[in-house]
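Asker: First, the structure itself, so that you have it in front of you.
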Amino acid sequence: MNRWHLLQKKALWSLFTIAFVIVLNFFLFRVLPGDPARAGIKDPRLTPETIEALRTRFGLDKPVINCFKTINPLVLGACDVNPLETQFVIYVKNLFLGDLGVSYYYNRPVEDILKERLWNTILLIGLGQILAILIGMAYGIFAAWKARTVIDYGALITGLIAWSLPTFWLGIILLFWGSSHGFPISGKSTPGMSSYPLMMQIGDLAKHLFLPTVTYTIVYMAEYMLIMRSSLLDVLSEDYILTAKAKGLSVFQILKDHALKNGMLPLVTVIAINLGYTVGGVIQIESVFSWPGLGGALYEAVNRTDFPMLQGAFLLIAVSVVVANFIADLTYSYLDPRVQTG
Amino acid sequence: MNVQLTESSPAAPVQRVNYWKIVSRNRVALLGILMIAVAVIVALFAPLIARYDPKSSEGISSSDVYNPPSAKHWLGTDDVGKDIFTNFVYGTRVSLIVGFFASFISIVIGGIIGLMAGFYGGRVENFLMRFTDIMLVIPDLPLIVVIVALTKASLMNIIFVIGIFGWTTTARIVRSQTLAVKSRKFVLRAKAIGAGNWHIVIHHILPLVLPIMVVNAILVVSSAILSESTLAFIGLSDPTAISWGQMLNFAFSRGAMSVGAWWALVVPGFGIVWIVLALTLLGNGLEQILNPRLESHHLMPGRPSFQSEAEAAPVKTGKSTAPVLLDVQNLSVNYVSDGKVAQAVRNVSFQLHEGELIGLVGESGCGKTTLMMALTRLLPAAGEISNGHVIFHGKDLAALTDEELSNLRWSGISVVFQGAMNALNPVRTVGDQIEEAILKHIPHFPPKALSARVEELLDLVGISAEHKNHFPHQYSGGMRQRAIIAMALSCNPQVVIADEPTTALDVMIQAQILELLDELRKKLGLAVLFVTHDLGIVAEMCDSVLVMYGGVTAEYADVDTIYNAPRHPYTQELLKAFPDLTKPERRLTSIPGSPPKLDALPPGCRFAPRCPVAFERCSKEAPALHRLGENHLASCHLVEA
Amino acid sequence: MTSEFILEVKGLKKYFQAGSSGWFSKNGKQVHAVDDIHLQLKHGEVIALVGESGCGKSTLALTLLGLEEATAGQILFNGQDVTHLADKEKKEMRRKIQMVFQDPYESLNPTQTIQEIVVEPLVVHGIGANETERLERTKKALEDSGLKPAETYLNRFPHQLSGGQRQRVVIASALALEPQLLVADEPVSMLDVSIRAEIINLLAELQKTRGISVIFITHDLGTVGFFADRVAVMYLGRIVEIGGMNDVLKNTKHPYSQALLSVIPVPNPRLRRKRIILQGETPNPVNLPSGCRFHPRCPIAEEKCKQQDPHLFNLNATHQAACLLLENYQ
């Protein structure tokens, strides 16, 4: 199987997963007791005009899916509706038009709010992941090389403890410390900052970004370090390391040219698998630091029972994770020649 | 080295694995268990430990809000003036209940899916694993948040939702373990005796899958507890049950931060860390027990060489008049682990002359690989050269600094490793790995000539240039072995050590490789030390033979003497045990017993317990190496002149 | 007895799907692991199967035991067709055909005691009236396999035994069912040279005393020379030469057998023989060469070998080889 073939197959599966997410997202919100679309239009915060608009928008008077008046497949309704006018079709149609509904709380289209927030989350995750991967990898390699020494045991203990810290609690503790050390306690910029010069704006952003990023980095660094350490311990006991040693290569050369790439393979797999899990951490960090990202949106939506926002945020988070997972898969196939040609 | 097991006495009772004994020996796991035990005790006896009733608001006034720790409230009070210590103690219950029940649901679902996928394979596996992959990619915390937010945040709901979305890792792990167990030969054997699927799953697969499931279950419990506390912190918790996450949520959202009530923020988190750390430690400890890692890796610093004996007169070997290239004198190697010393090689001497091919033979565990590794100090970290010299061009390899040694490796002495093992790095091309060796020893090798040199080397071993940029997995076993030979020759070494280079290959490929080695040796004038257990190969290739047993030289002689006039009983017995195609009607005999364990060597001669002609002296006194002829040495009391 | 032969194999084929069989990709390529094998085995006869890895000898063994389903052809056991059986009949048949595997470190379940291992086949087949009787049978099987006294071993675990002892346990558990045919797949190749002979000698002795037939798969003919009656040489899923031990060893006819036998190292430095070293490697059994499947590597191949696929020609009453150049032998 060649690389192009593999790419096609992976892309196909990612699309399938996204489709699954879309369907899941629809049914969760229509089936579960909360039934937000229906409950939502009774929300006292909405004006009668909005309610009427929502009705037509979601097609709430239409059946959920064709032929079934209810979602109970045993109670079949007559098939007298236009198949293109069921709630599900309307939902999918709206989705493709980029319409995620109106936030009950903000009274603004959900997609507008989430669009800004997506970038904030990507900024936080991107920065945090890069730091966590770099530090975790370096630390893990060092610990594995110095196996069974104080350095190694120290790394193992710090790793296990950091891994056991609940992310939100670590965030709270850092926030508690940061609030008395001049760090801003919420948001991503100081109000009124936009009128200041760009350099100062960036400085302000960095200040706001500092604590959330540190929290993120500590939690995920620990995991990456533990994985890198154990993966490198395996690699360093492989026969090709002995070959390299017999060839006369120095320790540094062996680590750089033979151990690093091989040791990274399990790490990439874990990063790919854990992307969904990473998002869990982001929700917590954004909640604690009131970071205006997708995770924070989810948190706020829960507390404000803002269902369209919840639905939109979940969909966007899930789709982003699927896409990120696809990228991680591609990275793996790039790193391991056995995938491309095997 | 293998762990040595004590022989059980006749009719001994079944030595069932004592799990507690194994687990308690692992300090990490033990610490985890103790920490969990504390949490369980606190949860069980919460009413006895807590100092107040968490449900009652009796006697609480507005002045009790966010009081710092005091004699009355050990850990202070919260936003409604309740005792944090009391809430903390009761919070243990929720964490443990959610952790236990939610993970139980996950493990059952994941276990069944994993077992079915692994055992049935084919379509079933394809479908189940695709489904698992999809569920794995969908972020579970947001999903759980959404579902709990849409339903009621009751304890029951939370347990159920966490449980049904936490099974993916279990399914993957159980499936891969089931696949691994299923492919093992004892499952095939069970099929061959006529056992049905159900019997095989119960008796052969489950017992080997369960331990891994237990380790996984522990990690699932900890992640369920973390999920619960995160949900509670976000505001999705059962209002009727106090949990640590809920305490944090109330404190965080109700001003603990602004009034500086650190106790309300720190204490509940400490509970979560305690229980999650306990489970993580236990899980890690059990993992270590299940998959014990090697104690060492190839980059750990070796133990320094030393001389434990007085200098002895050098032992001369070989008939050749050619100069000696590699002079090994009284070489001894120990393995040291946990303070115990095992003698792997004891006082072995031989001289390798220019152009000579010496065969080093012996059964597994006789010390031949250790000896070969010791020559260029490639021993594992536990190995040490405890005596002797390895002289190459006037330098003692046993005493060189690491850097001097690095320069000599490959350019002076190179090693042909067994290619079926992982001697080539799987993620780098073969050509690249050969170039690397050249550049290490000739740093200024003209870049333009480098590629041509690699092609020339590959051509020398019969691999066409187009394979240069291929990866090892694209090579067949025979080609890999050829590539390794090309790599070994890349820096024009004078001595080549070949470590069982044909062991895993088919006879025809073996013959090709042996012929190639022999040809190259003659063409390039190489001196070769050929390590093997195959007496047939030795007879067909070697000039001289060194037979090792239990770490010592049993016999050394030229190849004709070894096969036609062996003097050591071990050599004689070994030849009787070795098949000869030209004499098919000959009935083979075996040597009773098994080779000695290096950490439990018999007193006296190491072969005495298996020797058919041993007498009293043999079990008391180790025989010296006797010279029987110009080029014939043997260590046996019977050959003493 | 219903037949002269305990085992008759007629045109047996076993093909595997090449590559992964995903939902999307399905190529029609097949691995011809076992391709048109004919074989007859008399009661109490011992036959050695030799060949390089990939020649199909292990697949043949698994197919004979019904552990792989035959693609085509017929297997007759005691004259009865056992090629495709329902589960129940298959179980019944497995009582009579037993197997000894190559790797005694892998073929014993590490969590079972020796007693559990040897008694398992008895329990599966419901042999023995009660526990005590099964225990007696277990002990006898162990002692017959040279593990004496049996009590010493009953409660041990495989990891407490040496490689040779483990292989004896495997043999004991196979013999507990008192099979009529034993298939031994390289039973000594994982053991140290010094103890191989005792396992071979044990098998030879059991074969004689119990009169069972044995199919002995090996790559080392020297070990079984003294007790195998016949030898079959396999190449790419086919038998290329078959005959009495001495016929095949001393009067080798097929060019592949000649080459194969010439490269097996002989422990005699005064006999450095002329080796016939075939170039290249055994072709992939997915794309078989045209005509005689050995012709691309055959040192004496002629033009007709490229077109014509040879069947086994009789050289004498018991010796046959599949080579076109032997067509007019005699």
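Asker: State which residue pairs qualify: first residue in the same structural domain as B:VAL94 (by TED's automatic domain parsing) and inside segment B:256-269, second residue among the hydroxyl-bearing types (Ser, Thr, Tyr) and in a helix (DSSP H, G or I) in any location, beta carbons under 8 Å apart, and separation of 6 or more residues or different chains.
Answerer: B:MET257/A:SER179
Asker: Also, I was wondering about something else. Please list, ordered by residue number, the helices (runs of 4 or more DSSP H) wholly in segment B:522-627 having 2 or more residues that are under 30 Å from C:ARG230 (Cβ atoms) and in contact (Cβ under 8 Å) with a residue 12 or more places away in the chain.
Answerer: B:535-541, B:569-577
Asker: Scan segment B:42-99 for residues that are without any contact (Cβ under 8 Å) to a residue 12 or more places away in the chain and assigned to a loop (DSSP other than H, G, I, E, B) and jot them down.
Answerer: B:PHE45, B:LYS55, B:SER56, B:GLU58, B:GLY59, B:SER70, B:ALA71, B:LYS72
Asker: Out of B:ALA39, B:ALA29, B:ALA71, report the one residue that is small (Gly, Ala, Ser) and more than 35 Å from the chain's Cα centre (by Cα).
Answerer: That would be B:ALA71, the only listed residue that is small (Gly, Ala, Ser) and more than 35 Å from the chain's Cα centre (by Cα).
Asker: Working only within segment B:466-477, note down all residues that are open to solvent by 50 Å² or more (accessible area, probe 1.4 Å) and either under 25 Å from B:LYS523 (Cα atoms) or assigned to a loop (DSSP other than H, G, I, E, B) (or both).
Answerer: Scanning segment B:466-477 gives B:GLU466, B:HIS470.
Asker: Output the residues belonging to segment B:124-155 that are of a type in the set (S, T, N, Q) and in contact (Cβ under 8 Å) with a residue 12 or more places away in the chain.
Answerer: B:THR132, B:SER154, listed by residue number.
Asker: So, one more: Filter segment B:325-359 down to the residues that are open to solvent by 60 Å² or more (accessible area, probe 1.4 Å) and under 19 Å from B:TYR556 (Cα atoms) and list them by number.
Answerer: Scanning segment B:325-359 gives a single hit, B:GLU354.
Asker: May I ask you to say which residue of A:GLY280, A:GLY295, A:GLY248 is more than 15 Å from the chain's Cα centre (by Cα), within 10 Å of chain B (Cβ to nearest Cβ) and of a type outside the set (D, E, K, R)?
Answerer: Criteria check complete, one pass: A:GLY248.
Asker: Here's a check for you: in segment C:86-110, which residue that is closer than 25 Å to C:GLY128 by Cα and free of Cβ contacts under 8 Å to residues at least 24 places away in the same chain is least open to solvent (accessible area, probe 1.4 Å)?
Answerer: Once the filter is applied, the top-ranked residue is C:ALA86.
Asker: Restricting to segment B:575-612, and then to whatever is under 32 Å from the mean Cα position of the chain (by Cα) and within 7 Å of chain C (Cβ to nearest Cβ), can you tell me which residue is surrounded by the most Cβ atoms within 10 Å (Cβ to Cβ)?
Answerer: B:ILE591
Asker: Which one of the conditions (1) open to solvent by 20 Å² or more (accessible area, probe 1.4 Å); (2) assigned to a loop (DSSP other than H, G, I, E, B); (3) of a type in the set (A, V, I, L, M, F, W, C) does B:ALA423 fail to meet, given that it meets all the rest?
Answerer: (1)
Asker: Would you confirm whether any residue within segment C:152-165 is modelled with pLDDT of 90 or more, under 23 Å from C:THR209 (Cβ atoms) and either in contact with a His (Cβ under 6 Å, 6 or more places away or on another chain) or more than 10 Å from chain B (Cβ to nearest Cβ) (or both)?
Answerer: No, because not a single residue in segment C:152-165 is modelled with pLDDT of 90 or more, under 23 Å from C:THR209 (Cβ atoms) and either in contact with a His (Cβ under 6 Å, 6 or more places away or on another chain) or more than 10 Å from chain B (Cβ to nearest Cβ) (or both).
Asker: I'd like the full set of residues that are free of Cβ contacts under 8 Å to residues at least 12 places away in the same chain and either open to solvent by 40 Å² or more (accessible area, probe 1.4 Å) or more than 7 Å from chain C (Cβ to nearest Cβ) (or both), limited to segment B:185-198.
Answerer: If the condition is that a residue be free of Cβ contacts under 8 Å to residues at least 12 places away in the same chain and either open to solvent by 40 Å² or more (accessible area, probe 1.4 Å) or more than 7 Å from chain C (Cβ to nearest Cβ) (or both), then B:LYS185, B:LYS191, B:GLY196, B:TRP198 are the ones that fit.
Asker: From the set of residues in segment A:251-264 that are in contact (Cβ under 8 Å) with a residue 60 or more places away in the chain and at the interface with chain B (Cβ under 7 Å from one of its Cβ atoms), which is most open to solvent (accessible area, probe 1.4 Å)?
Answerer: A:LYS261
Asker: Please go through segment C:243-255 and pick out each residue that is in contact with a Lys or Arg (Cβ under 7 Å, 6 or more places away or on another chain) and open to solvent by less than 10 Å² (accessible area, probe 1.4 Å).
Answerer: Once the filter is applied, which keeps residues that are in contact with a Lys or Arg (Cβ under 7 Å, 6 or more places away or on another chain) and open to solvent by less than 10 Å² (accessible area, probe 1.4 Å), segment C:243-255 yields only C:GLY243.
Asker: Can you find a residue in segment C:256-266 that is open to solvent by less than 30 Å² (accessible area, probe 1.4 Å), within 21 Å of C:LEU12 (Cβ to Cβ) and modelled with pLDDT of 90 or more?
Answerer: There is at least one residue in segment C:256-266 that is open to solvent by less than 30 Å² (accessible area, probe 1.4 Å), within 21 Å of C:LEU12 (Cβ to Cβ) and modelled with pLDDT of 90 or more.
Asker: When you go through (1) farther than 19 Å from A:ALA246 by Cα; (2) open to solvent by 30 Å² or more (accessible area, probe 1.4 Å); (3) without any contact (Cβ under 8 Å) to a residue 40 or more places away in the chain; (4) part of a loop (DSSP other than H, G, I, E, B) one by one for B:GLU456, which number turns out not to apply?
Answerer: Every listed condition holds for B:GLU456 apart from (4).
Asker: Taking into account only those residues within segment C:268-300 that are without any contact (Cβ under 8 Å) to a residue 40 or more places away in the chain and among the aliphatic types (A, V, I, L, M), which is farthest from the other protein chains (Cβ to nearest Cβ)?
Answerer: C:ILE276
Asker: Where residues in segment B:525-568 are touching a helix residue (DSSP H, G or I) at 6+ places or on another chain (Cβ under 7 Å) and open to solvent by 30 Å² or more (accessible area, probe 1.4 Å), which of them is nearest to the other protein chains (Cβ to nearest Cβ)?
Answerer: Top of the filtered list is B:HIS533.
Asker: Quick check on segment B:252-272. Is at least one of its residues under 36 Å from the mean Cα position of the chain (by Cα) and either open to solvent by less than 20 Å² (accessible area, probe 1.4 Å) or not hydrophobic (A, V, I, L, M, F, W, C) (or both)?
Answerer: For segment B:252-272, residues under 36 Å from the mean Cα position of the chain (by Cα) and either open to solvent by less than 20 Å² (accessible area, probe 1.4 Å) or not hydrophobic (A, V, I, L, M, F, W, C) (or both): present.
Asker: If you check B:SER9 against the conditions, is it modelled with pLDDT under 90, touching a helix residue (DSSP H, G or I) at 6+ places or on another chain (Cβ under 6 Å) and of a type in the set (Ser, Thr, Tyr)?
Answerer: Criteria not met by B:SER9.
Asker: Would you confirm, using the coordinates I've provided, whether A:VAL235 is under 30 Å from B:LEU379 (Cα atoms) and open to solvent by 50 Å² or more (accessible area, probe 1.4 Å)?
Answerer: Against the criterion (under 30 Å from B:LEU379 (Cα atoms) and open to solvent by 50 Å² or more (accessible area, probe 1.4 Å)), A:VAL235 does not qualify.
Asker: So B:GLY163 passes all but one of these: (1) over 30 Å from C:ALA61 (Cβ atoms); (2) open to solvent by 10 Å² or more (accessible area, probe 1.4 Å); (3) assigned to a helix (DSSP H, G or I). Which condition number does it fail?
Answerer: Failing condition for B:GLY163: (2).
Asker: Of everything in segment A:123-145 that's open to solvent by 70 Å² or more (accessible area, probe 1.4 Å) and free of Cβ contacts under 8 Å to residues at least 60 places away in the same chain, which residue is farthest from A:LEU315 (Cα to Cα)?
Answerer: Of everything passing the filter in segment A:123-145, A:PHE142 is farthest from A:LEU315 (Cα to Cα).
Asker: Have a look at B:LEU598, B:LEU633 and point out the one that is modelled with pLDDT under 90 and assigned by TED's automatic domain parsing to the domain that holds B:TYR335.
Answerer: Only one candidate passes the filter, namely B:LEU598.
Asker: Look at segment A:141-155 and say how many of its residues are out of contact with any helix residue (DSSP H, G or I) (no Cβ under 7 Å at 6 or more places or on another chain) and either within 10 Å of chain B (Cβ to nearest Cβ) or within 16 Å of B:TRP274 (Cα to Cα) (or both).
Answerer: Here the count works out to 2.
The values are calculated or read from the model by the stated rules, or taken from the named source; none is laboratory data. This is a predicted model, so every value here is computed, not measured. Backbone-built Cβ (ideal geometry, glycine too); neighbour counts: all protein chains shown. Protein only, heavy atoms only, side chains kept; ligands, DNA and RNA dropped before computing areas. Shrake-Rupley method; radii C 1.70, N 1.55, O 1.52, S 1.80 Å.
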